[in-house]
Structure formats: C-alpha cells, structure tokens
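Data block below; observations after.
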Amino acid sequence: MIWRNLSALAGSGLRLAAPLAGADLRERLALTGPRVPPGGIWLHAASVGELTSARVLAEELAREFPLTVTTNSRSGRDLARQGGWPCALAPLDVPQAVRRFLDRVEPTVMVTVENELWPNRSRLADSRGVAQVVVGARMSARSAARWRRLPGVIATMLGRIDALSAQDGDSETRLLGLGLRAHALTPRLNLKLLAPARVQPGADGPDRARTVLAASTHEGEDAALLDAYIAARAAAPGLRLILAPRHPQRGDAVAALIRARGLDFGRRSRGAGPEAPVLLADTLGEMARWYRAAGICITAGSFADVGGHTPWEPAAWRCAILHGPDIANHAEDYAALDAAGAALACSAQSLPQALRALAMDSARQRHMGLEARKLLLARAGDPAILVARIRSLARPGLAQGPARHDI
C-alpha cells in the first residue's frame with residue numbers, strides 16, 4: 001500500500017513534468033510507444049544480456065502471437081528493433097504509466113525474464129486478467145533474505161504468477177518459500193544455453209580429429225598456444241591449427257608470432273581457409289565455421305588474466321575442450337565439464353603434453369565432445385513445455401480479447 005501511494009504520487013508529478021522531459025522519459029511514462037494488435041504477449045527483459053538470452057524464446061512466441069518487447073535500456077531497445085519486434089522502454093512502476101502501457105498493448109500474457117518483479121506491474125496486470133510468466137528466474141540467498149523483510153509484497157507478487165521456470169534448484173526452493181505456488185513451476189531452463197543447444201553439428205569431417213582451434217585468444221596467450229601446437233604436431237604429423245584472436249585487429253601482431261616460429265600459415269582476412277596448416281582466423285562472424293572444423297578446442301582467455309570464455313559454444317559443436325586455470329567467469333561450468341570427462345584443465349606448462357595426447361587419440365576426442373554436448377543439452381533444458389504453457393495461457397485471452405480500462 002505504501003509503494004502504491006508513493007508511486008502514484010510520483011506518477012502524477014512525472015506526468016506534469018512530461019512536456020519538458022526527453023523522449024526516453026515520455027516513453028517510460030507510456031505517453032509514447034508502439035501500437036500493436038491486441039491480445040499478444042508482452043516480453044520484458046532488463047537489457048541486452050537478458051534479451052539476448054531470451055531470444056530463442058522470443059522468436060518461438062513471435063511465430064504465433066503479436067509480441068511486444070520492453071527493456072530498461074536503450075541498448076536493449078535497439079537490440080529488440082534489430083529483431084524486428086515492436087518495442088519500447090519499459091513503463092516505470094508508477095500506476096499511471098503501467099495503465100497507459102496496458103491500454104496501448106492489451107497483452108494476454110506478460111513474460112518476464114529473470115528477476116524483474118514490480119508491485120504495480122504485477123497488480124495491474126492481474127487486475128486485467130493478464131497471465132504472468134517468469135522465465136529463467138533466479139533468486140540468490142541474499143535477495144531472498146531482503147525479500148523476507150517484505151513478506152506481504154513478495155508473496156503477493158509470486159502468488160499471481162501462472163508459470164515460472166527457474167535456472168536452478170536453489171532458486172526454486174527460495175521462490176517457493178517466499179510464496180510461489182508449487183503448481184506454477186515448470187521444468188528448469190537456462191536461457192543463455194538455449195541458443196547453443198539449438199546448434200546441429202552434423203557429421204564430423206575427415207580432417208576434424210586433426211584440427212585444433214584456439215578460440216578467442218588474448219594478448220599474452222598466443223605464444224604459449226603456438227608452442228603447444230608445435231610440440232603436439234611433432235608427435236601427430238598433419239595436425240592443423242586455427243588460431244582465432246578475440247580481437248581481429250591484433251592480426252598483424254599474431255601473424256608476427258606465427259612467422260617467427262617458421263610456421264606455414266594463411267590469414268583468413270586474405271582469403272585463406274581451414275585447409276592451411278595454420279590458419280590465422282582474423283575475421284569476425286565465422287566462429288561457428290571454426291568450431292565445426294575442429295575436434296579439439298582450446299578455450300582461450302583462460303591462460304591470461306581474463307577469466308575465461310564460455311565453454312558452451314564449443315560444447316554445442318562436440319569439441320573436446322582444453323582450458324587453462326583462469327576460468328573465474330565460468331568456474332562452475334568448467335567444473336561440471338571437467339567432472340563429466342568433457343573438458344580437461346591445463347596449465348601453460350602442461351598444455352603441450354595434454355594437446356599431444358588428445359591429438360593422437362581420436363576416440364577420446366569424440367567421447368569428450370559427445371559428453372560436452374550431452375551436458376549442454378541437460379543444462380539448457382527443453383523450452384517446449386514452457387512455450388506450450390504460455391500458448392495455453394495466451395489463447396483464451398486472445399479469443400476473448402482483453403477489456404480496455406480508462407486511466
């Protein structure tokens with residue numbers, strides 16, 4: 001009640017100031033925004049990261065229903081525009097703005113990505129019969145402790161949710177303890193993994209087991225990776241290397257390192273392909289091609305003070321994964337892959353031996369790649385059940401048409 005009254009007062013003040021405000025604030029007050037067919041789905045994602053992770057779900061829903069996307073940032077809105085979806089900055093959680101937005105869009109379902117729960121948005125959507133869905137929900141121990149200080153607020157919002165998929169079991173337990181109804185739970189989904197899980201790697205090419213990809217290397221890593229490749233090639237003649245710098249503008253510097261070692265190489269920026277003994281992949285937008293070509297992937301960023309890069313892209317392509325010790329950005333992911341026998345941790349000193357052994361054992365490569373993809377699919381989850389649930393919530397409202405409400 002306190003939030004409702006204070007936010008209503010703030011909304012009145014903001015409305016008076018609107019003629020002097022910029023375009024973004026007017027959009028957040030829902031004084032401007034897209035005109036869309038009624039009865040569709042409102043998808044809200046905080047910013048670029050959340051919208052990117054929800055892209056697979058958004059594309060699936062947009063095939064059947066009018067989809068309107070809101071975000072809290074201009075960069076997120078720009079990404080939605082690139083996807084071709086009607087979009088706007090999300091309405092501020094003042095009742096006047098939320099009502100205006102609901103009047104304009106008239107959704108039947110509100111789909112929220114991860115953690116964006118707002119009291120007025122929840123209450124007013126519920127008052128109009130808009131079904132509420134949360135996807136990829138997370139609830140940390142710290143956030144749960146904060147919400148326990150406001151039990152009436154969080155329990156009421158969670159009690160209105162018709163379907164929720166959490167990212168992990170701990171989040172499920174905390175959300176249920178805060179007031180989520182058990183029947184609202186749907187199978188877990190990791191939204192960030194849905195896109196790599198959709199990759200269809202196809203059959204291995206004849207040279208795949210003899211090709212190594214050093215993916216997204218950083219300054220300070222290339223020399224050690226080149227030396228490891230040279231050592232492995234001495235034991236496995238015909239071994240190829242694709243070296244893909246994280247920043248292609250480093251191409252000249254990396255080329256100098258390759259040339260200094262007397263290696264025969266080609267540059268992708270000058271037309272060379274994976275048939276080169278060493279390919280410097282100094283271009284953008286072709287990583288899928290290199291993952292497809294390589295049976296072994298060294299995930300770089302893990303041999304420098306960078307924190308490592310995601311292992312799930314090479315896992316999607318059934319690559320056997322080698323990684324360094326600096327994996328803080330994805331420590332839990334790498335730990336799970338290591339435990340499954342899908343990845344192997346190395347130091348810069350032990351990498352040559354590990355790469356040599358793996359290059360000479362195609363059966364082990366294949367096994368590691370299969371285990372990596374198996375773990376990816378298990379962790380991503382299957383969005384089909386959630387999509388079906390959203391579809392069932394949307395269709396009755398779509399048939400009846402939501403009623404209009406005056407501001």
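The values are calculated or read from the model by the stated rules, or taken from the named source; none is laboratory data. Source: prediction; values computed, not measured. Reconstructed Cβ throughout: ideal geometry from the backbone, glycine too, with neighbour counts over all protein chains shown.
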Inside the stretch 320-362, can you point out the residues that are of a type in the set (S, T, N, Q) and not in a helix (DSSP H, G or I)?
-> Ser347, Gln349, Ser350
If you go through the stretch 169-185 one residue at a time, do you hit one that is modelled with pLDDT under 90, within 26 Å of Thr108 (Cα to Cα) and in the same structural domain as Arg55 (by TED's automatic domain parsing)?
-> no
Out of Tyr334, Tyr291, report the one residue that is in contact (Cβ under 8 Å) with a residue 40 or more places away in the chain and assigned by TED's automatic domain parsing to the domain that holds Tyr229.
-> Tyr291
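Identify all residues within the stretch 339-358 that are touching a strand residue (DSSP E or B) at 6+ places or on another chain (Cβ under 9 Å) and under 12 Å from Ser302 (Cβ atoms); write none if there are none.
Taking the stretch 339-358 and keeping what is touching a strand residue (DSSP E or B) at 6+ places or on another chain (Cβ under 9 Å), we get 342-346, 351, 354-355, 358.
Correct list: Ala343, Leu344, Ala345, Cys346, Leu351.
Quick one: which residue in Ala328, Ala363, Ala320, Ala372 is exposed (fewer than 15 other Cβ atoms within 10 Å of the Cβ) and within 14 Å of Gly295 (Cβ to Cβ)? Before the answer, list the steps.
Details: Ala328 fails: within 14 Å of Gly295 (Cβ to Cβ); Ala320 fails: exposed (fewer than 15 other Cβ atoms within 10 Å of the Cβ); Ala372 fails: exposed (fewer than 15 other Cβ atoms within 10 Å of the Cβ).
Every option except Ala363 fails the conditions.
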Checking Arg292, Arg259 in turn, the sole residue that is of a type in the set (D, E, K, R) and under 24 Å from Ala342 (Cβ atoms) turns out to be Arg292
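With the structure loaded, tell me whether Ala195 is over 14 Å from Leu386 (Cβ atoms), aliphatic (A, V, I, L, M), touching a residue at least 12 places away in the same chain (Cβ under 8 Å) and in contact with a helix residue (DSSP H, G or I) (Cβ under 7 Å, 6 or more places away or on another chain) or whether it fails that test.
On the way: over 14 Å from Leu386 (Cβ atoms): yes; aliphatic (A, V, I, L, M): yes; touching a residue at least 12 places away in the same chain (Cβ under 8 Å): yes; in contact with a helix residue (DSSP H, G or I) (Cβ under 7 Å, 6 or more places away or on another chain): yes.
So Ala195 fits the description; yes.
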What do you reckon, is Asp361 touching a strand residue (DSSP E or B) at 6+ places or on another chain (Cβ under 8 Å) and without any contact (Cβ under 8 Å) to a residue 12 or more places away in the chain?
-> no
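Would you point out the residue of the stretch 364-383, among those that are touching a residue at least 60 places away in the same chain (Cβ under 8 Å) and of a type in the set (D, E, K, R), that is farthest from Gly169 (Cα to Cα)? If you could, list the steps in order and put the result at the bottom.
First, the residues of the stretch 364-383 that are touching a residue at least 60 places away in the same chain (Cβ under 8 Å): 365-366, 369, 372-373, 375-377, 379-383.
From what's left, of a type in the set (D, E, K, R): 366, 373, 379, 382.
On the way: Arg366: 31, Arg373: 22, Arg379: 12, Asp382: 16 Å.
In this case the residue turns out to be Arg366.
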Could you grab the pairs with beta carbons closer than 7 Å, sequence gap of 6+ or different chains, first residue in the stretch 202-225 and of a type in the set (Lys, Arg), second one at pLDDT 95 or above and not in a loop (DSSP other than H, G, I, E, B)?
-> Arg208/Ala293; Arg210/Arg240
Return the total of residues in the stretch 237-269 being of a type in the set (Gly, Ala, Ser) and in a strand (DSSP E or B).
-> 2
Checked against (1) closer than 15 Å to Leu43 by Cβ; (2) within 23 Å of the chain's Cα centre (by Cα), Ser75 satisfies every condition except (1)
Considering each residue of the stretch 234-274, count those that are surrounded by 15 or more Cβ atoms within 10 Å (Cβ to Cβ) and in contact (Cβ under 8 Å) with a residue 40 or more places away in the chain, and give that number.
-> 6
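Residue-wise test of (1) assigned by TED's automatic domain parsing to the domain that holds Ala17; (2) surrounded by 24 or more Cβ atoms within 10 Å (Cβ to Cβ); (3) of a type in the set (Gly, Ala, Ser); (4) touching a strand residue (DSSP E or B) at 6+ places or on another chain (Cβ under 9 Å).
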position: Glu60; (1), (2), (3), (4): yes, no, no, no
position: Asn72; (1), (2), (3), (4): yes, no, no, yes
position: Leu79; (1), (2), (3), (4): yes, no, no, yes
position: Ala97; (1), (2), (3), (4): yes, yes, yes, no
position: Arg123; (1), (2), (3), (4): yes, no, no, no
position: Ser140; (1), (2), (3), (4): yes, no, yes, no
position: Ser143; (1), (2), (3), (4): yes, no, yes, no
Where in the stretch 1-97 are the helices (runs of 4 or more DSSP H), entirely inside, with at least 3 residues that are under 23 Å from Asn120 (Cβ atoms)?
-> 2-17, 23-28, 74-82
Scanning for something closer than 17 Å to Ala223 by Cα, under 24 Å from the mean Cα position of the chain (by Cα) and of a type in the set (A, V, I, L, M), does the stretch 287-300 turn up at least one residue?
-> yes
